[in-house]
Amino acid sequence: MEQFDVIILGGGAAGLSAGLYSTRAMQKTLILEKLGYGGQILVTDEIENYPGFPEGIKGPELSIMMEKQTRRFGADMRYEEVEGVENLDQPLKLIHTSEGAYAGKTVIIAAGGSHKKLGVPGEDELSGRGVSYCAVCDANFFRGQDVVVVGGGDAALDEGGYLSGIVNKVTVIHRRDELRASKILQERSLANPKMDFLWSHVVEEFQGEPDLENALVRNLKTQEVYKYPASGAFIYIGFESNSGFLKGQVPMDEFGHIQTDISMATGIPGVYACGDIRVNSDRQLGNAVGDGITAALSAYHYLTEGE
Ligand code: NAP
């Protein structure tokens, strides 16, 4: 079985940053990623709040740059899905993937999270036929058409703004009459003539055959239920951590976020967690990068000095 000093689970910003520091510290490092390097930033259009890019940068572009930089120092980066872990409390930890198994002296969990689903009728059936979780990927299909965005956080307004540059009209459907998003995004969205808001509304069903035609919405103040026409629906109602494959193996909270201390240690010797998957993460790109670096440095100290 191949053995590594550091095995990193996940190739988003946290995992790539951890990989960059581990390889530059001359540790034999494997990064396992199931989909695409960059994680959430790969599906984020414009990033304006990551220091060093005064004009902002496109998420996919930054993903490629981060991936290249980590590869440059010799990280072994493989597209494999992690299916399970074993012996995490032992000196050699086992990682099982879709392709086989690896042994690691340390493990850094950077598996991030995925967009939550609404769980309403029609959502799964119309996914890919109007219902989407990625504006950057799918906005072009709705050029000149009317779409809805569900949610009231940063992601909903950020992606709503992006959509407004491509589609005819964006209606944000939010379950309260107050947004959760940061003030700058609120101000920008409320002033955007192509963005509209349905306050205190929820979607009860997505309807259409063969493609999305309406969101069936309920006004929570009046209880009125009606059809709101839309050919696209972009759902941004938060994030779920990708920690299912670790259940019972590492300490986590009721939502599946992994507990760590400030050195990203999980309490299991040689096992660290960083980025969106950990408890109390601010889920910002800068935090993911910082967490990844801390985790790699902690792993390095463990490898060279012990606990
Ligand atoms: P979020 O901040 O948790 O917001 C989720 C939104 O969806 C909230 O407005 C919430 O409503 C609503 N919601 C949740 N469950 C719902 C349901 N079942 N039905 C209807 N609405 C529902 O999630 P996010 O916007 O995905 O952001 C996640 C993290 O990434 C945040 O920390 C955010 O700051 C960060 N992020 C930052 C940027 C940026 O800075 N540009 C961009 C994207 C994401 P309530 O408000 O009523 O709870």
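The values are calculated or read from the model by the stated rules, or taken from the named source; none is laboratory data. These numbers were taken from a predicted model, which means no experiment stands behind them. Virtual Cβ from ideal backbone geometry, glycine too; neighbours counted across all protein chains shown.
Worth pointing out:
- Residue in the stretch 59-69 that is within 11 Å of the ligand (Cβ to nearest atom) and either at pLDDT 95 or above or not assigned by TED's automatic domain parsing to the domain that holds Ile31 (or both) present: no
- Selection within the stretch 214-245: residues that are under 19 Å from Ser132 (Cα atoms), among the small types (Gly, Ala, Ser) and in a loop (DSSP other than H, G, I, E, B). The member of this set that is farthest from the ligand (Cβ to nearest atom) is Ser231.
- Any chance Leu42 is of a type in the set (A, V, I, L, M, F, W, C) and away from the ligand (no atom under 16 Å from the Cβ): no
- Inspection of the stretch 169-189 identifies at least one residue that is away from the ligand (no atom under 11 Å from the Cβ) and among the β-branched types (Val, Ile, Thr).
Residue-by-condition table, conditions (1) in the same structural domain as Phe245 (by TED's automatic domain parsing); (2) charged (D, E, K, R); (3) surrounded by 22 or more Cβ atoms within 10 Å (Cβ to Cβ); (4) within 16 Å of the ligand (Cβ to nearest atom):
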residue	(1), (2), (3), (4)
Gly12	yes, no, yes, yes
Gly15	yes, no, yes, no
Glu33	yes, yes, yes, no
Glu48	yes, yes, no, yes
Pro54	yes, no, no, yes
Arg71	yes, yes, no, no
Asn87	yes, no, no, no
Lys105	yes, yes, no, no
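- Boolean, Asp211 is touching a residue at least 24 places away in the same chain (Cβ under 8 Å), more than 11 Å from the ligand (Cβ to nearest atom), out of contact with any strand residue (DSSP E or B) (no Cβ under 6 Å at 6 or more places or on another chain) and farther than 26 Å from Val279 by Cα: yes
- Residue satisfying all of: in the stretch 264-296; over 23 Å from Ala103 (Cβ atoms) and small (Gly, Ala, Ser); surrounded by the most Cβ atoms within 10 Å (Cβ to Cβ) among these: Gly275
- The selection criterion, being away from the ligand (no atom under 16 Å from the Cβ) and without any contact (Cβ under 8 Å) to a residue 40 or more places away in the chain, does not hold for Gly292.
- Conditions (1) part of a loop (DSSP other than H, G, I, E, B); (2) within 16 Å of the ligand (Cβ to nearest atom); number of the one not met by Pro269: (2)
- The set of residues in the stretch 136-174 being of a type in the set (A, V, I, L, M, F, W, C) and closer than 22 Å to Asp282 by Cα consists of Val150, Ala155, Ala156, Leu157.
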